[in-house]
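Remarks on the structure that follows.
The values are calculated or read from the model by the stated rules, or taken from the named source; none is laboratory data. These numbers were taken from a predicted model, which means no experiment stands behind them. Cβ placement follows ideal geometry from the backbone for every residue including glycine, while neighbour counts extend to all protein chains displayed. Side chains are part of the model used for accessible areas, which takes the heavy atoms of the whole protein and leaves out ligands, DNA and RNA. Shrake-Rupley method; radii C 1.70, N 1.55, O 1.52, S 1.80 Å.
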Amino acid sequence: MFFTLLFTLSFCEGQGSIVKVDRPSCDRCDHSFFCNCSFAGLTCVPVVTEQALSLDLSFNNITVVTAEDLRDHRRLAALNLCCNRLAVIHQSAFEPLWNLEDLNLSNNQLTALNHRWFHKLEALQVLNLLHNPYSCLGSPPAFQRLLNLRRLRFGGPALEELKRGDLAGITHLEELTVHANNLRRYESGALATIWPLGRVILSLHGPFLTNDDVASTMLGDVSYPETPMILRDLNLTWIQSVHNLRAAARRRIRHLSFQNLSLSDMATVEFLLVFDGVPLTHLSFEGVTLKGVGRWEKANKTEHKGIDEIFVRDVEVLDIYKFASLISCGFLLQYPRKVSIINAKVFVMPCFTSHLLKNLQYLDLSNNLLTDMTLAETLCDGDSPLKDLRVLNISGNALKSLSTTSRLVGKLLRLTHLDVSRNGYSSMPLGCSWPSSLRYLNMSGTRIASISPCLPAALEVLDLSNNDLKDFVLVLPTLRELHLSGNKLLRLPPGWLFPNLNTLTIQSNSLSMFGPSELRTYSRLQSLQAGWNKFVCTCDFVGLFQSGVKVGSVQLTDREDDYICDAPLRLQGALVARVRLPLVDCHPVRVVSASCVVALLATAALGTLLWHVHAFWYLRMMWAWLKAKHSSRQRRGPDQRGGAGVEDDFDAFVSYSDRDAGWVENFLVPELEQPRADDEAAVRARPMTLCLHKRDFLPGHWILDNIMSAMERSRRTIFVLSENFIRSDWCRYELDFSHFRLFDGVAGEPAILILLEPLNKDDIPRRFCKLRKLLSSTTYLEWPHGEEKVGEFWKALRTALRGEEEDGRN
């Protein structure tokens, strides 16, 4: 072990740079720069932000603090290294911590204290060195430079010696804790230099058993009339061990407490004799094991008039069936104004004893074994002499009847505070006889399912937490605080019931939401705590919460993290403060209205766009085309469907305006169907057959059927284009339909365009996109204005019409 320690020391001092390399980091720091790195499994001091003000490294496995570990933490005010395996601290490890105020090195493996650790810690106010295996405080004095130290805790199972001068430099303390259960040597005056001393806590198990000189001398050094003394881990079973307290009694101490104490009847009597006439004002016993039967009559003539408070908690009576209850100590209870006997298995305090408690103003019998019957005996069946009693705590007993309790305290005319919580009442009678002075009533944890006018109307504070209440409807005009947490309430109680209420606690119920209308019923409510309920996160509730619940003077005083959504399912478990609901959920009317307006505008815009691009025209023509196509297939035989077996009856279908009929009938038809004798080329060629709507359409048939039939029976199509053609409604209708047939028709048979007059492409409607495209990309024939070019025109037209036929002959 020695060589390991030596190696570690040399490693830390000579190889500090190596230790620094692999240090882990800890980023568990909050906005206040409090870094909690406890329970992190660390084996060395981690790297944390230089801005850290508090660093908690407790409950890790740190063994060494090197000179480099804390070099960058000059702002650190609190450092907790408790409960590690710390065995080595470099002598300059704490030098950079000029601002350190709180240092905890308890529960480690420090075998010696080094005064250089604290050389620069002049701002240190709290130092905890408890439970380390050092046997002495060392030399030179370790705390010599700690002039601002206010709380010092040192010692442990290994501490064996305290010498004069060990605490040199410390002039006064608010609290001194010394764990010296195994102390063997103590020099008188070692602790006497500390004055004033606010409170002293001593663990002196060993000295009280085996070394009376050490115990009495040490007590004498720290006993002052105004300094509360707490003695721990004592075994006062023999008279001699009690004599060690004489040193404290001689110093006239007024506040004496015992913790973890074993006590016999003989020692109890001797204790009362030792402090006979001593002006003790506060006497406390916590964690007491009584080994006797409670026969302390031998001390009943002692004088303890100065005792103002007796506090007893967690008592174990080894022979409880023989114990003489509180009768034998009645002489002691006649002086104090405040008596607490908590968790002591008290089942009755005889009425006789109550008559002795003439000065009692505060009585705490909580966590005992009182029943309705024994409480009746304790309070003299409603005629208790405790006329000055102001506070009564009988919580955590076995009481069953609330009406009995109210009757028994009804004549305590000065009673203002009553705590009957954690009893088994389960129901509330319709009427109760409370004292008119009662202002505070605690009935939490009593399994009450409903309330009644049994509750006193003059209450100012009422605690009904942790019951089974489902509603609360009772007028309490003077109530200022109401605590209803841990029930089954579905909504906030109506505020008009409590016109003076300023604090309402209703956490952990079944509230789904609350709104401004409910909060406005509370005229004076200032503090509301409603977290941990089953909130339905609606838009109104989320909006109210995220706005800070600004309704009158009401403020939520619990944490935001306590408000969690329970519904809807998609938000379950989410913090209300962070919920973002869709706009359509919160403002459906506005969203629908806006959507309708947008839809109307979009429809209008789309309609305008479709009209602009002639989409309606395309749809109409498509429907007409499909309908005509269907009719055409119905007329053709089964063997001709699909285009098979269809013969051309006409060489060309002519599409023209009626205003251009003169040109068609006088020029086009004669020229193509009846060629002149002087035109040799026309004479040699076969006469052409043209399809004209005036001549060849079947009467009585739908015009679209005639157009479809004519187009199918014609080999080519001739468009006679002019201003009349474009402006004619009928011609445009015919052209619209033929547009679908001709420009999406059979490849290799393009339309023949004849312009009777110059026609600009821009004069053609935009919906005839392919016709406009053809005028831009296809050669067309233009009717000449001069006679000399007419012949060439007809020749070109015949060639266009019979081009395919000529190719076939060749």
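Being in contact with a helix residue (DSSP H, G or I) (Cβ under 8 Å, 6 or more places away or on another chain), modelled with pLDDT of 95 or more and farther than 26 Å from L280 by Cβ holds for only one residue in R145, R184, R150, and it is R184. In segment 511-518 there is no residue that is touching a residue at least 40 places away in the same chain (Cβ under 8 Å), open to solvent by 30 Å² or more (accessible area, probe 1.4 Å), within 24 Å of S485 (Cα to Cα) and in contact with a Ser or Thr (Cβ under 6 Å, 6 or more places away or on another chain). Under the condition of being among the charged types (D, E, K, R) and buried (at least 16 other Cβ atoms within 10 Å of the Cβ), which residue from segment 559-580 is nearest to Q529 (Cα to Cα)? The qualifying residue nearest to Q529 (Cα to Cα) is D562.
L113 meets each of the listed conditions (1) open to solvent by 30 Å² or more (accessible area, probe 1.4 Å); (2) of a type outside the set (F, W, Y); (3) touching a Leu at 6+ places or on another chain (Cβ under 8 Å) apart from (1). Only one of the listed residues (Q259, Q240) is open to solvent by 20 Å² or more (accessible area, probe 1.4 Å), among the polar types (S, T, N, Q) and closer than 16 Å to V317 by Cα. That residue is Q259. Out of G662, G642, one residue alone is modelled with pLDDT of 65 or more, surrounded by fewer than 16 Cβ atoms within 10 Å (Cβ to Cβ) and part of a helix (DSSP H, G or I). It is G662.
If you filter segment 9-66 down to residues that are open to solvent by 60 Å² or more (accessible area, probe 1.4 Å) and in a helix (DSSP H, G or I), you find that the one that is modelled with the highest pLDDT is V21.
Screening G531 with (1) touching a helix residue (DSSP H, G or I) at 6+ places or on another chain (Cβ under 7 Å); (2) among the small types (G, A, S); (3) over 27 Å from N442 (Cβ atoms) gives one miss only, at (3). In summary, F331 fulfils each of the numbered conditions (1) in contact with a Lys or Arg (Cβ under 9 Å, 6 or more places away or on another chain); (2) part of a loop (DSSP other than H, G, I, E, B) with the single exception of condition (2).
So is H90 in contact (Cβ under 8 Å) with a residue 40 or more places away in the chain and open to solvent by 50 Å² or more (accessible area, probe 1.4 Å) or not? It is false that H90 is in contact (Cβ under 8 Å) with a residue 40 or more places away in the chain and open to solvent by 50 Å² or more (accessible area, probe 1.4 Å).
Residue under question is N466, and the condition is that it be under 21 Å from L363 (Cα atoms), open to solvent by 10 Å² or more (accessible area, probe 1.4 Å) and not charged (D, E, K, R); does it hold? So N466 does not fit the description; no. Of all residues in segment 71-90, those being in a loop (DSSP other than H, G, I, E, B) and at pLDDT 95 or above number 10. Total residues in segment 327-343 satisfying the condition of being modelled with pLDDT of 90 or more, open to solvent by less than 10 Å² (accessible area, probe 1.4 Å) and more than 42 Å from the chain's Cα centre (by Cα): the figure is 2.
Results for (1) within 35 Å of the chain's Cα centre (by Cα); (2) touching a residue at least 24 places away in the same chain (Cβ under 8 Å); (3) within 30 Å of L544 (Cα to Cα), shown as yes or no for each residue.
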| position | (1), (2), (3) |
| --- | --- |
| L412 | no, yes, no |
| V420 | yes, yes, no |
| W434 | no, yes, no |
| A458 | no, no, no |
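A247 fulfils the conditions (1) surrounded by fewer than 22 Cβ atoms within 10 Å (Cβ to Cβ); (2) closer than 24 Å to F118 by Cα; (3) in contact with a Gly (Cβ under 7 Å, 6 or more places away or on another chain) except for a single criterion, (2). Within segment 697-720, the set of residues being charged (D, E, K, R), open to solvent by 30 Å² or more (accessible area, probe 1.4 Å) and either closer than 23 Å to W783 by Cβ or modelled with pLDDT under 75 (or both) comprises R715 only.
Residue by residue, here is whether (1) of a type in the set (K, R); (2) open to solvent by 10 Å² or more (accessible area, probe 1.4 Å); (3) in contact (Cβ under 8 Å) with a residue 24 or more places away in the chain; (4) more than 25 Å from S436 (Cα to Cα) holds:
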{"position": "L474", "(1), (2), (3), (4)": "no, yes, no, no"}
{"position": "R480", "(1), (2), (3), (4)": "yes, yes, no, no"}
{"position": "H483", "(1), (2), (3), (4)": "no, yes, yes, no"}
{"position": "W496", "(1), (2), (3), (4)": "no, yes, yes, no"}
{"position": "L504", "(1), (2), (3), (4)": "no, no, yes, no"}
{"position": "S508", "(1), (2), (3), (4)": "no, yes, yes, yes"}
